[in-house]
Amino acid sequence: MKSFPANRSRDIERQAGYLRPEHCVPPPPRGPSADDMWFIRDGCGIVCGVITWLLVFYAEFVVVFVMLLPAKNVLYSIFNGAVFNALAFLALASHFKAMCTDPGAVPKGNATKEFIESLQLRPGQVVYKCPKCCSIKPDRAHHCSVCKRCIRKMDHHCPWVNNCVGETNQKYFVLFTMYIALISLHALIMVALHFVFCFEEDWAKCGNFSPPTTVILLIFLCFEGLLFLIFTAVMFGTQVHSICNDETGIEQLKKEERRWVKKSKWMNMKVVFGHPFSIAWLNPFATPDHGKANLYQYVV
């Protein structure tokens, strides 16, 4: 009988009584509302998230006050200012949604005999239990040591958004990487044009700051823009490739056996971004409507 590599790290139980719920820590008490905002209290992730916002604000400062406001062409300043600020707003909104959206966490501590019996499992049907959070682990779910929860279709834990990238927030993470890549590219183009203009004109008349200060600010922006452009563009391409192939980063890393029905690349995109295709795919405030795009279709 062929075994699945992913099952080696799981506790395989065939009867509800074997789950030993008495060994599980009781689930933490819920707050006043089930709709409380999701937020991971991880020091490293919080610092990385704050740094991300500060870097965007720094780029905003240099673009607006160093390059656009001193420019003599008003239409150039208005157009590029509107485009850059719109992309920056969408990037930060996507980051906030990716950080504060439940990525698909499995209820904690639900590995109880009563819950298993309520599932009305078929005789001999296998149930997976996570020994770390004492929850019933659905197919394609993995435990995150930072979030301390099992996450459905977990791709990876990203410290830059202080959250896991999973079933319900992958859209926002992909939009975040896309918009950051776009504003980085836009900033680099404006810096190049600004340098060309200032070389042809008097540097003293090229900005509201002294020439050395202007050059230093632009060099830092170039370094930041180039670094983030490469990082987020690669991450964006990796995420789109994983979505089209319907295989998460963890599943690729562990070389897990595919046990779900293969769908078309377009259907896989609609599973993440919503069905049907619309401009809402690019909107970080729009919750994906899966509609006819089934989340799971497993081989029985």
Completion exercise
Computed over region 107-172, the relative contact order (Cα-Cα under 8 Å, seq sep at least six) in percent reads 21
Completion exercise
If each part is reduced to its alpha-carbon centroid, region 37-72 and region 204-269 end up apart, in Å, by 17
Handout entry: Eligible lysines near Lys270 by straight Cα distance, threshold 27 Å, same-chain separation 8 or greater
Key = Lys97, Lys137, Lys153, Lys171, Lys254, Lys255, Lys262, Lys292
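Leaving out ligands, DNA and RNA, and with a 1.4 Å probe, what % of the accessible surface on region 149-213 is carbon or sulfur?
Numbers: 1690 of 2530 Å².
That fraction is 67 percent.
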Problem - Two-site label geometry, Tyr58 and Thr287: point separation in nm, points 7 Å out along Cα→Cβ - result: 3.7
Problem - Efficiency of FRET between Val196 and Leu69 - r from beta-carbon atoms, R0 25 angstrom, step 0.05 - result: 0.85
Exercise for the section: Set the Förster distance to 35 Å, then compute FRET efficiency between Asn208 and Cys48 from the Cβ-Cβ distance, nearest 0.05. Expected result: 0.65
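With a probe of 1.4 Å, find how much accessible area region 47-113 has per residue, and write the answer as a whole number in Å². Mind showing how you got there, number by number?
Working: 3050 Å² over 67 residues.
Per residue, region 47-113 has 46 Å² of solvent-accessible surface.
Which length gain, in nm to one decimal place, applies between Met37 and Leu226 when the Cα-Cα distance is subtracted from 0.36 nm times their residue separation? Could you put the intermediate results ahead of the total?
On the way: separation 189, 0.36 × 189 = 68.04 nm, distance 3.34 nm.
Result for the pair: 64.7 nm of gain on full extension.
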Handout entry: Rg and Dmax of region 54-130, Cα atoms only, in Å
Key = 25.5, 77
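Provide the gained length on full extension for the span Glu117 to Lys255, in nm with one decimal, where the gain is 0.36 nm per separating residue minus the Cα-Cα distance. Walk me through the numbers on the way to the answer.
On the way: separation 138, 0.36 × 138 = 49.68 nm, distance 3.23 nm.
Stretched fully, the Glu117-Lys255 segment lengthens by 46.5 nm.
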Fill in the blank from the handout: Highest mean packing first, using Cβ neighbours within 10 angstrom, the peptides 225-233, 147-155, 261-269 sort as 147-155, 225-233, 261-269
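The values are calculated or read from the model by the stated rules, or taken from the named source; none is laboratory data. Not measured: the values here are computed from a predicted model. Heads up, the Cβs are rebuilt from the backbone with ideal geometry, glycines too, and the neighbour counts pull from every protein chain shown. Each accessible area value is taken on the protein alone, full model and side chains, heavy atoms only, with ligands, DNA and RNA left out. Shrake-Rupley method; radii C 1.70, N 1.55, O 1.52, S 1.80 Å.
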